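Below: one structure, written as structure tokens.
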Amino acid sequence: MPVDFETAISSGVAPVGGLFVPATLPAPRSEATMWPEKRSEIAEELLSPFVGAGAISRHLPAICSKAMSTFPSPLRAVDEAGKLQLLELFHGPTAAFKDLGASFLAAFLGQVADPEEMQTILVATSGDTGAAVAAAFEGNSGFRVVILYPDGLVSPRQAHQLSCWRGNVHTLAVSGDFDDCQRLAKGAFADHALSTACRLTSANSINPGRLLPQMVYYAEASLSHFRRTGRKPGFVIPTGNVGNAFACLLARRLGLPVGDVVLAANANRPLADFLETGRWEPRATVATLASAMDVGNPSNVERLRWLYPDFEELRSALQLTSIPDAGIEQAVRTAFARWQHHLCPHTATAFAAWCAMDEDTRERDWILVATAHPAKFDTVVEPLTDVAVRIPDQLARLLARPASRTSLAPDPHALRSFLQEVAVDEC
Ligand SMILES: *Cc1c(COP(=O)(O)O)cnc(C)c1O
């Protein structure tokens with residue numbers, strides 16, 4: 001059953017248990033000159049067909065300018081010819097790419113929400129989403145945030161960053177992995193009585209309000225490269241739950257000058273195996289050095305199959321390279337030796353996937369997507385290079401705050417009781 005954009009974003013998960021997808025896609029634009037140059041205007045044009053003509057559409061320019069202006073996503077050339085570049089998506093408040101989608105979601109929900117009705121944002125995180133959502137909603141009196149993260153399976157600085165929020169943010173350390181957290185969240189949304197009583201809203205990458213704005217940095221980077229060189233850059237994207245990569249593929253479908261798309265995965269192979277065999281089978285999650293990508297059952301594969309209903313078409317639309325931990329370590333060392341530049345372990349999977357290409361392919365124009373700042377993963381990166389990573393100011397400020405969290409068993413009843421306690425009170 002079709003719903004409008006506001007409903008899709010406010011509920012996050014479709015009522016029948018699946019994910020929201022657009023009913024139709026706008027026609028692609030073939031010319032780069034047909035897109036504006038300013039980021040917030042690109043965002044407006046990309047998102048307005050999805051938002052539609054309803055009441056919220058007149059607020060879209062304000063929402064975009066609020067969400068898109070807070071921090072930049074610069075392209076940094078790492079070779080002399082400027083053919084290999086890093087797209088740095090980690091200049092936001094929590095130093096990972098999730099900040100952009102989270103700030104759009106906060107700006108959007110802030111506009112559509114009824115100020116009389118407190119909503120609860122429930123978010124399962126593999127390490128970075130939770131902090132980004134907390135940063136975007138902290139102190140916002142219309143919302144309360146409940147974070148579920150896998151205890152012991154995120155980096156120490158990530159754990160701190162997930163637990164350092166005040167007031168309206170609650171952090172639950174789940175004794176399980178990310179898939180357990182995701183299952184708990186999905187179960188709570190599917191529990192109609194609970195989700196109505198707490199006015200639950202999802203903020204995972206399954207929420208279109210986070211997913212779709214991620215197209216903006218692909219648009220901005222590909223347009224700027226294409227206008228400068230006349231060539232479409234390829235993107236290599238560190239991939240876990242397949243939200244970020246999906247946004248890139250969707251941007252290409254809408255006509256942006258994106259060339260080849262290569263997904264760089266870690267040792268978690270559900271998507272790699274699917275592309276090989278055509279059979280979709282979720283896997284148990286394997287813990288790796290690129291922990292924010294430790295996903296055994298990536299939800300957005302459903303959307304990938306929607307975008308490419310034909311399996312052969314899907315296979316030719318993207319490539320995937322799976323990088324084991326040893327390859328991640330090697331990539332961190334090689335990048336540092338070549339450029340005196342630290343990569344986070346996730347970004348390192350993209351560099352490793354680029355290194356694994358044959359020489360002719362490497363000669364083309366490539367953008368490696370840098371999904372997090374290496375200082376978030378100092379315990380992985382520093383022993384490999386023997387050099388300390390400089391901590392960016394925004395991260396230092398969060399690390400200086402006190403942290404507190406509540407332990408939770410990976411049990412739907414435990415989550416239900418917690419939510420009833422913190423989130424049903426005044427509604
Ligand atoms: C979330 C995350 C990823 C994976 O992105 P998906 O959209 O889940 O594929 C990669 N790198 C970092 C640093 C992340 O936080």
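Scanning segment 113-134 for residues that are within 16 Å of the ligand (Cβ to nearest atom) and either farther than 29 Å from ALA370 by Cβ or surrounded by fewer than 24 Cβ atoms within 10 Å (Cβ to Cβ) (or both) yields a total of 0. Residues that are among the β-branched types (Val, Ile, Thr) and more than 22 Å from HIS225 (Cβ to Cβ) occur in segment 290-311; there is at least one. Considering (1) within 21 Å of GLY101 (Cα to Cα); (2) within 14 Å of the ligand (Cβ to nearest atom), the lone condition that THR288 does not fulfil carries the number (1). When GLU281, GLU313, GLU302 are checked against the criterion of being over 18 Å from ILE328 (Cβ atoms) and assigned to a loop (DSSP other than H, G, I, E, B), GLU281 stands alone in meeting it. Within segment 106-132, track down each residue that is at pLDDT 90 or above and closer than 23 Å to ALA159 by Cβ. Selection gives ALA106, THR120, ILE121, LEU122, VAL123, ALA124, THR125, ASP128, THR129, GLY130, ALA131, ALA132.
Looking only at residues of segment 73-112 that are among the small types (Gly, Ala, Ser) and farther than 22 Å from PRO208 by Cα, we find that the one that is surrounded by the most Cβ atoms within 10 Å (Cβ to Cβ) is GLY82. When you look at ILE391, is it within 30 Å of TRP280 (Cα to Cα) and modelled with pLDDT of 95 or more, yes or no? No, not satisfied.
When THR349 is tested against the conditions (1) surrounded by fewer than 24 Cβ atoms within 10 Å (Cβ to Cβ); (2) under 20 Å from PRO233 (Cβ atoms); (3) under 25 Å from the mean Cα position of the chain (by Cα), the lone failure is (1). If you go through segment 318-347 and keep only what is within 16 Å of the ligand (Cβ to nearest atom), of a type in the set (A, V, I, L, M) and in a helix (DSSP H, G or I), you end up with ILE328, ALA331, VAL332, ALA335.
Looking at PRO36, PRO2, PRO26, PRO22, just one residue is without any contact (Cβ under 8 Å) to a residue 12 or more places away in the chain, assigned to a loop (DSSP other than H, G, I, E, B) and not charged (D, E, K, R), and that residue is PRO36.
Scanning segment 151-170 for residues that are at pLDDT below 95 and not in a loop (DSSP other than H, G, I, E, B) gives PRO156, ARG157, GLN158.
The set of residues in segment 212-247 being without any contact (Cβ under 8 Å) to a residue 40 or more places away in the chain and in contact with a helix residue (DSSP H, G or I) (Cβ under 7 Å, 6 or more places away or on another chain) consists of ALA247 alone. The one condition from (1) modelled with pLDDT of 95 or more; (2) small (Gly, Ala, Ser); (3) surrounded by 24 or more Cβ atoms within 10 Å (Cβ to Cβ) that ALA173 does not meet is (3). Here segment 309-336 is the region considered, the condition is being hydroxyl-bearing (Ser, Thr, Tyr) and surrounded by fewer than 17 Cβ atoms within 10 Å (Cβ to Cβ), and the residue that is farthest from LEU271 (Cα to Cα) is THR334.
Counting only helices (runs of 4 or more DSSP H) that sit wholly inside segment 195-259, those with at least 3 residues that are more than 13 Å from the ligand (Cβ to nearest atom) and crowded, with 24+ Cβ neighbours inside 10 Å are 215-229.
The values are calculated or read from the model by the stated rules, or taken from the named source; none is laboratory data. Here the structure is a predicted model, which is why all the values come from computation and not from measurement. Cβ sites come from the backbone with ideal geometry, for glycine too, and all protein chains shown count toward neighbours.
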